[in-house]
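Working notes, beginning with the structure itself.
The values are calculated or read from the model by the stated rules, or taken from the named source; none is laboratory data. All values derive from a computational prediction rather than experimental measurement. Because the Cβ atoms are built from the backbone with ideal geometry, glycine has one as well, and the counts that use them run over all protein chains shown. The area values use the complete protein model at the heavy-atom level, side chains included, leaving out ligands, DNA and RNA. Shrake-Rupley method; radii C 1.70, N 1.55, O 1.52, S 1.80 Å.
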Amino acid sequence: MRIRALLVAVLVCCLFASVIATALIDIPSMIGDRQPGVDADSKSLEDGSERMQTATPTDTSVQTATPSDGIPGFENTTSALACPKHARADGEPRILDKPRIVELYPNPTTYENVGEFFVLETPPETSLENWTVTDGHTTATFPNETVSDRVAVTTDANETATLTDDSPLELDGHLRLATDGDSLELRNGSERIDTVSYDDAPLAERWYRSDLEEGNTDNPTAGESQGKWWPRDATCLERTTTDADEATAFVLPDSPDIPLETIRDAENRLVVAGYTFTSETIAAELVKASERGVDVDVLLESGPVGGTPEPTESILESLEDGDVNVRATGGEGARYQFHHPKYAIADDTVLVTSENWKPSGLGGDSSRGWGITVEDRELATALETVFIADFEGWDTKSGASHRENTTFVDDETDERGQTEFTSEHRAEAVDVDGVELLLAPDNAQERVRELLAEAEDEILVKQASIGGSGVSLVEETVDAARRGVEVRILLDSSWYVEDDNAELKASLERTAADEELPLEVSLVEPGDRFEKIHAKGVIIDDETTLVGSLNWNDNSLENNREVVLAVHGEEPAAYYRAVFDDDWQGESWSLPVGLSLGVIVALIVAALVGHRYITFGDREVSAVGKSDNSSRRSGTEQPSEDIAQRNDSGESDSVSPADRDDTAKRSGDRPE
């Protein structure tokens, strides 16, 4: 009887507490009162001749960032670029009063580096009579010609003509540009004209000189020249700013209808860029768009981590049969380590998201992702300029060629049946105060760092994983916490990132504890709302929201093609914040202090009533000396819920350019 009374008392107390707690927890979501910094669990922390028949945009110029009233972070900032400014296609030529070697291309993707060259810039009508160039071992002679501006100096003019738009100038003699670093000296008879030195030359990257200014007169000595390597024909664009004032914010898996509606609304032009593509539903909509007269182009990554998923083969075939122009980019020496953006342009509407074109992503079958659509002609034109550059690159091939030469691999995630998730965050139309288009590797890292450095009150970060505490964005975020900015970082707990994320969490929490920083990190648990985090989002001061494909790791920031929108305005920030807060809380909940104390007291009293005896069938066991079997449940010891099963197959811990299928297996550099 006593044990029955005890159980009844405990049950009543628990039910009473659950009802009241549920009611109280629902109050904030009903009245829309979400306070910054509040969390439910502070402890949880790449040759086909096919080319795009493009509908040329009205204006393909890219507006660069200028100060703009009403958009935070525009005043007193510069348009920082990761790329050398002279790599820009629209860059104005330098005005030099002396001939100078301004670019080097020692390591092309050709056999034995045939066609390697350096670029010589000269004042008008410069005579090359008696000119030579030497690396200290061999010397080659210039033709007796007069040149102006830029020429590509080479020992194989025909091959070089296929590698650059600069006019080739062929040398007489033998000269090799060493791939492991070298020095070149330019001479006019016995007079030294110029000297450059360079270190190891990355495959398919050009060296751009950065130490020259207009009106220079000095002749540099060996070792003095400065420059930067940049992938051949990779874009070098400043961030684009627009005064867009409306957008539709959405998340997944809640609103998979938004991407479909965007495609269905296209009337003239539709482009899709992505990493992987396995969604039959979206492919069917692209074919329908083509059938109604829309010009449709698709660009994908040719070698995603682990290989191209098997469903992609039939998708590519169906798109080609439907007159959709598909190309794949990648391969040896490709401009970008991975083509990793996820966006679409439907006439003047831009859709940018963190999710792949697959059922588990934009199909709404699995991942928590962020997305946004913005109808703005200027933004659409700027992003299409990027798409055209990527689509028409030397490292792309037709979809048919890609199918013929690619080995497709099984993808278990695409074989999984559709999962029904509770939809809690419907898409919302929001007013915005301007939008910035950021690109990696061109400018995203620099601009995001600026935005983080300007944070005053709070930074919320949601990532599948982070490449470690040494990533520049992480360092900037920790510095913000040192200024008193409240920081919360929400990471995924899937098996392939769990250990790395847990290690990062522990490291950051140690720093926070040692320095008393307002910084928390949590690994989310899957539930009935989504299976895993795949978002790559940031909210700064409830005013600026970053939505796109940018993972917080060095490969994503420095080597991949990524697209991000920095959306300014309180309404979009509030929308994504609500999602962030709910995901932070996850399936857990906490009681108000007063109620918690009441329940605890009740439970203690109930425990005291029957603490002496517990009845198991016909056997009474003293609570003080209970049986060893009391630590077991149903005969099986249960593991902690926050410990996910991990694959011990031996994943690579490094990025290998020579083997793209094995690239970035560790969570820090794993593109998704």
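The protection proxy used here, the mean number of other Cβ atoms lying within 10 Å of each residue, ranks peptides 513-524, 132-143 as follows, highest first: 513-524, 132-143. Close amide H pairs (under 5 Å, H built 1.01 Å from N) link V409 with T308, E310, residues at least 5 positions away or on another chain. Close amide H contacts of V114 (hydrogens built in the peptide plane, cut-off under 5 Å, sequence separation of 5 or more or a different chain): none are found. How about segment 279-329: which trypsin sites (Lys or Arg not before Pro) there are in a DSSP loop, with at most 16 other Cβ atoms within 10 Å of their Cβ? Hits after loop and neighbour filter: R292. For a modelled paramagnetic label at V114, 7 Å from Cα along Cα-to-Cβ, no residue of segment 322-352 is in reach, as no backbone nitrogen comes under 15 Å. Averaged over its residues, segment 254-309 has an accessible area of 31 Å² per residue, based on protein heavy atoms and a 1.4 Å probe.
So which of K288/K342; K358/K532; K228/K397; K397/K536 end up more than 18 Å apart, counting from Cα to Cα? Spell out each step's value before the answer.
Values: K288/K342 21 Å; K358/K532 15 Å; K228/K397 28 Å; K397/K536 29 Å.
Cα-Cα > 18 Å for K288/K342; K228/K397; K397/K536; rest within.
Here the gap between D135 and S167, fully extended at 0.36 nm per residue and compared with their Cα-Cα distance, gives a gain of 9.3 nm. Rounded to the nearest Hz, the phi-derived 3J(HN,Hα) couplings of segment 170-183 under the Karplus curve 6.51 cos²θ - 1.76 cosθ + 1.60 (θ = phi - 60°) are 8, 7, 9, x, 10, 8, 10, 8, 5, 7, 9, x, 6, 10, where x marks glycine and proline. For T179, no residue has an amide H sitting under 5 Å from its own, ignoring neighbours fewer than 5 places away on the same chain, with H placed 1.01 Å from N. Between E317 and E261, residue separation times 0.36 nm minus the direct Cα-Cα distance comes to 17.8 nm.
If you take every DSSP beta bridge fully contained in segment 175-322, what fraction is antiparallel? Give it as a percent rounded to 5. Close to 70 percent. Would segment 312-452 count as rounded, prolate or oblate if I go by the C-alpha gyration tensor, calling it rounded below 1.5 in a/c and otherwise prolate when a/b exceeds b/c, oblate otherwise? Oblate. Taken one residue at a time, the phi angles of segment 259-266 give Karplus couplings (6.51, -1.76, 1.60, θ = phi - 60°) of x, 5, 5, 4, 5, 5, 7, 5 Hz. Gly and Pro are set to x. Roughly how far apart, in whole Å, are the Cα centres of segment 230-251 and segment 186-202? Centre-to-centre distance over Cα atoms comes out at 38 Å. The candidates T162, T329, arranged from most to least accessible area with a 1.4 Å probe in the full protein assembly, appear as T162, T329. In order along segment 336-351, the Karplus-derived 3J(HN,Hα) couplings, from 6.51 cos²θ - 1.76 cosθ + 1.60 at θ = phi - 60°, round to 10, 4, 9, 8, 10, x, 9, 8, 9, 10, 10, 6, 9, 9, 10, 10 Hz, and Gly and Pro are given as x.
What nm distance separates the two modelled labels at N144 and E475, each placed 7 Å from Cα along Cα→Cβ? Going from the N144 label point to the E475 one covers 5.6 nm. Segment 459-510 and segment 126-183 have their alpha-carbon centroids 49 Å apart.
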